[in-house]
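Student: My questions will all concern the structure given below.
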Amino acid sequence: MLIDMHAHSSGISRCCRVDGAGMLEAAAQAGLDGAILTNHYQISYVQEDGPEGLARRYGEEYYRIKALADARGMRLFFGIEVTARKYGDAHILLYGPPPEALLQHPCVYDYTLAEMQQMVQPYGGLVIQAHPFRHGGHVIEDAAIDGLEVNCHPLYDDTHSDRLLEMVKEKGMIITCGGDYHADTYRAVCGVHFPDEIADMAALTEYLRNAPAITLHVHELRTEEHRDRQLIRS
């Protein structure tokens, strides 16, 4: 199955132009089997009910869209895209913890990467740097980062897939792929191929850690070609 590991919905991510139903429809039309909902989690989203209220609404949004995905036979997994204030607002994807875990860590946007790693570890989770080369950005050199993302958002200059695949192989890191879907342009056809039997985040993150090869489906931005790219671990 092909799962986009980076997607948004307007119920939380204010920059997204489509609700959960629209996000799922676009994924289905693109031939995807599902997605990981990774809405933005940042301090500017905190309202009168405080960080705890944001954490609660964040989980409710996921469960609402998960019910829609189940009804149409699609997979929807839970993730978090943290705007990390201690790292110049770099975007960090957290995979593994369930929505309830966020209620115990409502101020995760103020965490260090080591603290984020401690948060995800009980669930076998992963800390992934999103779109590390976006707009001239760079990879954060920190041992708490488990992997890097190939990002296929059509408004970026490049996926940097060659560079990233070479880098993660050299460093022994994990690679992921996502469209960063906001409905602000065409729907990229991208993600990671997983075995059909993977049904929860624990199995998904274990596969990313231990599979001898990871196959990405990358929608290259310069050519608009989408194709499989493989990371073979030695």
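The values are calculated or read from the model by the stated rules, or taken from the named source; none is laboratory data. This is a predicted model, so every value here is computed, not measured. Note: ideal-geometry Cβ built from the backbone for every residue, glycine included; neighbour counts use all protein chains shown. Heavy atoms of the whole protein, side chains included, go into the accessibility calculation; ligands, DNA and RNA do not. Shrake-Rupley method; radii C 1.70, N 1.55, O 1.52, S 1.80 Å.
Student: Of all accessible surface on the chain at a 1.4 Å probe, what whole percent is carbon and sulfur? It would help to have the intermediate numbers written out before the result.
Tutor: Working: 4670 of 9850 Å².
Answer for the chain is 47 percent, counting heavy atoms of protein chains only.
Student: How far apart, in nm, are two points set 7 Å out from the Cα along the Cα-to-Cβ line at residue 184 and at residue 86?
Tutor: A separation of 2.8 nm, rounded to one decimal place.
Student: Using the heavy atoms of the protein chains alone and a 1.4 angstrom probe, what is the accessible area of the chain per residue in square angstrom?
Tutor: Working: 9850 Å² over 234 residues.
Here the per-residue accessible area is 42 Å².
Student: Taking the alpha-carbon distance from residue 66 and a cut-off under 17 Å, which aspartates and glutamates remain once sequence neighbours fewer than 8 residues away in the same chain are dropped?
Tutor: 4, 19, 25, 33, 100, 200
Student: With an 8 Å cut-off on Cα pairs and a minimum separation of 6 or more residues, tell me the relative contact order of region 59-109 in percent.
Tutor: Working: 47 pairs, mean separation 15.6, N = 51.
Reported relative contact order: 31 percent.
Student: Could you work out the per residue convex hull volume over the alpha carbons of region 77-190, in cubic angstrom?
Tutor: 112 Å³
Student: Give the Rg (one decimal place) followed by the Dmax (whole number) of region 164-208, computed from C-alpha coordinates and expressed in Å.
Tutor: Spelled out, the Cα radius of gyration and Dmax of region 164-208 are 13.3, 34 Å.
Student: Restricting attention to the chain, give the cysteines that have no other cysteine Cβ less than 4.7 angstrom from their Cβ.
Tutor: Lacking a cysteine Cβ partner under 4.7 Å: 15, 16, 107, 177.
Student: Here's a follow-up. Residue by residue through region 170-182, what is 3J(HN,Hα) from phi via Karplus (6.51 cos²θ - 1.76 cosθ + 1.60, θ = phi - 60°)? Round to whole Hz and write x for glycine and proline.
Tutor: Working through the residues one at a time gives 5, 8, x, 9, 8, 10, 10, 8, x, x, 6, 5, 10 Hz.
Student: Give the Rg/Rh ratio for the chain, taking Rg as the radius of gyration of the Cα atoms and Rh as the Kirkwood radius, to two decimals. Display every interim value, and only then the final one.
Tutor: Numbers: Rg = 16.1 Å, Rh = 17.4 Å.
Radius of gyration over Kirkwood radius for the chain works out to 0.93.
Student: Just want to confirm a number: the relative contact order over the chain, from Cα pairs under 8 angstrom separated by 6+ residues, in percent. Present the calculation step by step, with values, prior to reporting the outcome.
Tutor: Details: 496 pairs, mean separation 47.2, N = 234.
Averaging sequence separation for qualifying contacts and normalising by length gives 20 percent for the chain.
Student: Also, quick follow-up: Go through region 35-81 and name the GluC sites (Glu not before Pro) that are in a DSSP coil and have 10 or fewer other Cβ atoms within 10 Å of their Cβ. Working shown, then result.
Tutor: On the way: sites: 48, 52, 60, 61, 81; in loops: 48.
Within region 35-81, the qualifying GluC sites (Glu not before Pro) (loop, at most 10 other Cβ atoms within 10 Å) are 48.
Student: Amide H neighbours of residue 10 under 5 Å, counting only residues 5+ apart in sequence or on other chains, H built in-plane at 1.01 Å?
Tutor: So residue 10 has HN proximity to 18, 19, 20.
Student: Quick one: Kirkwood hydrodynamic radius for region 1-42, alpha-carbon pairs, angstrom, one decimal?
Tutor: Working: mean 1/r = 0.0965 Å⁻¹.
When all Cα pairs of region 1-42 are included, the Kirkwood radius is 10.4 Å.
Student: Just order 117-125, 223-231 by mean Cβ neighbour count inside 10 Å, highest at the front, would you? Write down the numbers at each step before the final one.
Tutor: On the way: 117-125: 17.1, 223-231: 12.7.
Result, highest mean first: 117-125, 223-231.
Student: Relative contact order, percent, of region 63-192 when contacts are C-alpha pairs under 8 Å separated by at least 6 residues? Show your work: numbers first, answer last.
Tutor: On the way: 204 pairs, mean separation 20.4, N = 130.
Here the relative contact order equals 16 percent.
Student: Residue separation times 0.36 nm, minus the C-alpha to C-alpha distance between residue 110 and residue 230: what's the value? Intermediate values should be presented prior to the final figure.
Tutor: On the way: separation 120, 0.36 × 120 = 43.20 nm, distance 3.45 nm.
Residue separation times 0.36 nm, minus the Cα-Cα distance, leaves 39.7 nm.
Student: Which of the aspartates and glutamates could a cross-linker bridge to residue 86, judged by Cα under 19 Å and excluding same-chain residues fewer than eight apart?
Tutor: Reachable aspartates and glutamates: 110, 115, 141, 142, 146.
Student: Sticking with this structure for a sec: Can you give the direction-averaged projected area of the convex hull of the alpha-carbon atoms in region 48-132, in nm²?
Tutor: Values: hull surface 24.6 nm².
Here the figure is 6.1 nm², rounded to one decimal.
Student: Search the structure for amide H atoms under 5 Å from the amide H of residue 80, placed 1.01 Å from N in the peptide plane, and list their residues when 5 or more places away or on another chain.
Tutor: Under 5 Å from the amide H of residue 80: 94.
Student: For region 1-103, take N as its residue count and report Rg(C-alpha) divided by 2.2 N^0.38 Å. Intermediate values should be presented prior to the final figure.
Tutor: Values: Rg = 13.4 Å, N = 103, 2.2 N^0.38 = 12.8 Å.
That works out to 1.05 for region 1-103.
Student: Give me, ordered by chain and number, the residues 5 or more places off residue 125 or on other chains with an amide H under 5 Å from its own placed amide H.
Tutor: Under 5 Å from the amide H of residue 125: no residue qualifies.
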